[in-house]
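The values are calculated or read from the model by the stated rules, or taken from the named source; none is laboratory data. No experiment lies behind these values; they were computed from the predicted model shown. No Cβ is skipped: glycine too gets one built from the backbone with ideal geometry, and neighbour counts run over all protein chains shown. Heavy atoms of the whole protein, side chains included, go into the accessibility calculation; ligands, DNA and RNA do not. Shrake-Rupley method; radii C 1.70, N 1.55, O 1.52, S 1.80 Å.
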Amino acid sequence: MQRRHSGWIIILTFIASFLLSIMPWPPQFVYWRPDWTALILIYWTMKTPQQVGLLSGWLSGLIHDLLNDTLLGQQALSYSLIAYFVAQIQQRLRLYPRWQQAVVVGGLIAVRNLINLWLQILVGYSFPDDWTWLYPALTSMILWPWLYLMLQDTHRPYR
Amino acid sequence: MRPLFLKNFSSRFLNLRFIIIIIASTSMMLAESRGHLKTARFHLSALIYPIQYMVDMPVKTSQWLSSTFNTKLQLLAENAELQEQNLRLQAILQKFEDLNSENARLRLLLQSVPKASTHIQLAEVLAVAVEPYSRKIVINKGQSDGVFEGQAVVDAHGVMGQVIQVDPFSSTVMLLTDSKHELPVQVVRTGLQTVAVGRGLVNRLDLLYLSTPEIKTEIKAGDLLVTSGNGGHFPAGYPVGTVAEVNLDISQPYAQIQAVPKALLERNREVLLIWENTPVKPSEPSPSVSQEPSLPIKIH
């Protein structure tokens, strides 16, 4: 059953994800920060692919490019890649059990980080020689089931 | 029929749209890495300032609250401490004034160019995080305050970095420790010149191109590094860091030397922006310079 969701709630959750991703964070956990925008993007692309998808992914990536001072288009590309894959498999993804969804989410975020770091090499940064780029995927994976329940509350009436 | 239509809509042209997005993003990245799109970024960043402001606001508010509800005793103690510090600093400043006038007199005798005058402005670091693989901070002064690209940023202890991106109301500063940052420096004790590059780590700098055998006497752990002013971006004479370890590995082409930055890079709430008024260059070279025999340039 496809139905339209309130556009305001979608926009607000995206703005909240931007705020969360630039919020001050304890320096020893800086690599563990979950990829909030990717989580929100995956959720809404899965729930309402006719409202949120490639373009929303691209625009939120562009905002991340501005916030993080990366090349314009870099994060835009990696976020729209996430949106593309979720839009492709959204019907199957909705039927998956929650933990299986979480694994897919973690995988997508890991791929996004990899692409980001490869693109960073073009600008002159070197690829990190540790596994820190996997950490956000792990934390996002753990967060997914809880975030799913919370976001579901925003558009499902209480009974 | 309706759900069917919606399904078709969401998947229609998905591949085509994705290809368009890939092409658009790639061309934007290529354009920006060649130095275009500066104005686009400048105008777009006015849009994201509210996001940065909203994140920064609670932090600022909590600071304001804690200073408002300080007890009187705490304030008195702090006041006394600050007054003592002020006295001490003024005593040092007296000596500095004396040295400054002496320096000016000596420069006049040597008929050399007077030192540039500097203008300093305080800027606050926005409590905003930038992605962890580069070392950058965002400050609350932008083009409307006259900040320019390449401007030097220091704190009370030493050089912090330079402005790499000026937005209307804020700017991004690349810290010394960013792996793309290079800074010409000089060892105070011996005058040895080198380049300090960041490593992307929190508190480490590498010193490059030092390989001569006599390096052992010219640089050692604990030496103070200052900006040499080469390259023109940075005013000379600001402290950069101290040498932490010198590793003379014969198998390597260059010695491996590491330094620790002086500035409190990750802990600062306030930074200083420096405007250096470049002195007017003399129209003709002074005779003392032209008579000097040309020395071979010594490169370490």
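For segment B:56-195, the direction-averaged projected area of the alpha-carbon convex hull comes to 12.6 nm². Of the listed residues B:Leu109, A:Leu134, the order by accessible area with a 1.4 Å probe, largest first, is B:Leu109, A:Leu134.
Between the helical axis of A:54-68 and the longest alpha-carbon principal axis of chain A there is an angle of about 40 degrees.
For the pairing of chain B with chain A, what total accessible surface becomes buried, with a 1.4 angstrom probe, in square angstrom to the nearest 100?
Working: alone 20640 and 9410 Å², together 26180 Å².
Buried area between the two chains comes out at roughly 3900 Å².
Kirkwood hydrodynamic radius, chain A, all distinct C-alpha pairs: what's the number in Å?
Working: mean 1/r = 0.0625 Å⁻¹.
Radius from the Kirkwood sum: 16.0 Å.
Multiplying the residue separation of B:Asn86 and B:Leu30 by 0.36 nm and removing their Cα-Cα distance gives an extension gain of 15.0 nm.
Measure off, as a whole percent, the carbon and sulfur share of the 1.4 Å-probe accessible area of chain A, all protein chains present.
Values: 5240 of 7500 Å².
Carbon-and-sulfur percentage of accessible area, whole number: 70.
Estimated at the nearest 10 Å², the accessible area of B:Ser251 is 90 Å² with a 1.4 Å probe. For segment B:264-269, the Karplus equation 6.51 cos²θ - 1.76 cosθ + 1.60, evaluated at θ = phi - 60°, returns couplings of 7, 4, 9, 10, 7, 9 Hz by residue, with Gly and Pro reported as x. The simple Förster model, with R0 at 41 Å and r as the Cβ-Cβ distance, assigns B:Leu93 and A:Thr132 a FRET efficiency of 0.35.
For segment A:29-105, what is the accessible area per residue in Å², given a 1.4 Å probe and the full set of protein chains? List each step's numbers first, then the result.
Working: 2460 Å² over 77 residues.
In whole numbers, segment A:29-105 has 32 Å² accessible per residue.
Both radii come from the Cα set of segment B:197-243: Rg as radius of gyration, Rh as Kirkwood radius; their ratio Rg/Rh reads 0.98.
Would you mind getting the Kirkwood hydrodynamic radius of segment A:52-115 from its Cα pairs, rounded to one decimal in Å? Spell out each step's value before the answer.
On the way: mean 1/r = 0.0823 Å⁻¹.
The Cα-based Kirkwood calculation yields 12.1 Å.
Going from most exposed to least, what order do B:Ser27, A:Ser21 have by accessible area with a 1.4 Å probe?
Details: B:Ser27 60, A:Ser21 20 Å².
I get B:Ser27, A:Ser21, largest accessible area first.
The alpha carbon centroids of segment B:130-207 and segment A:17-94 are separated by 29 Å. Per-residue surface analysis assigns B:Val163 an accessible area of about 0 Å², computed on protein heavy atoms at 1.4 Å probe radius.
Less than 5 angstrom separates the built amide H of B:Tyr238 from those of B:Thr227, all sequence-distant by 5 or more or on a different chain.
Could you work out [θ]222 nm for the protein assembly as shown from helices alone, using -39500 (n - 2.57) per DSSP H run of at least four and dividing by all its residues? Round to the nearest 500 deg cm²/dmol.
Numbers: 12 runs with 220 residues, N = 459.
Computed mean residue ellipticity for the protein assembly as shown: -16500 deg cm²/dmol.
Shown for segment A:38-70: residues covered by the partner protein chains by 30 Å² or more of accessible area relative to the chain by itself (probe radius 1.4 Å), namely A:Gln50, A:Leu54, A:Trp58, A:Leu66, A:Leu67, A:Asn68, A:Asp69. For segment B:230-266, the residues whose backbone nitrogen is under 18 Å from a point 7 Å from the Cα of B:Tyr209, taken along Cα to Cβ, are B:230-237, B:253-259.
Could you work out the Rg to Rh ratio of the protein assembly as shown, with Rh taken as the Kirkwood radius (inverse of the mean 1/r over all Cα pairs)? For the protein assembly as shown, the value is 1.05. Distances between placed amide hydrogens fall under 5 Å for B:His181 paired with B:Gly198, all partners being 5 or more residues away or on another chain.
Divide, for segment B:167-240, the radius of gyration over alpha carbons by 2.2 N^0.38 Å, where N is the residue count.
On the way: Rg = 13.7 Å, N = 74, 2.2 N^0.38 = 11.3 Å.
Here the Cα radius of gyration is 1.21 times the empirical estimate.
Accessible surface for A:Trp118 stands near 140 Å², nearest 10, in the context of the full protein assembly shown (1.4 Å probe). For segment B:47-62, a drop of 30 Å² or more in accessible area on going from the chain alone to the assembled protein chains (1.4 Å probe) is found at B:Ile48, B:Ile51, B:Met54, B:Val55. Residues of segment B:151-189 with an amide N closer than 20 Å to a point placed 7 Å from the Cα of B:Gln252 along the Cα-to-Cβ direction: B:177-187. Taken as Cα centroids, segment B:78-95 and segment A:105-143 sit 49 Å apart, rounded to the nearest whole angstrom.
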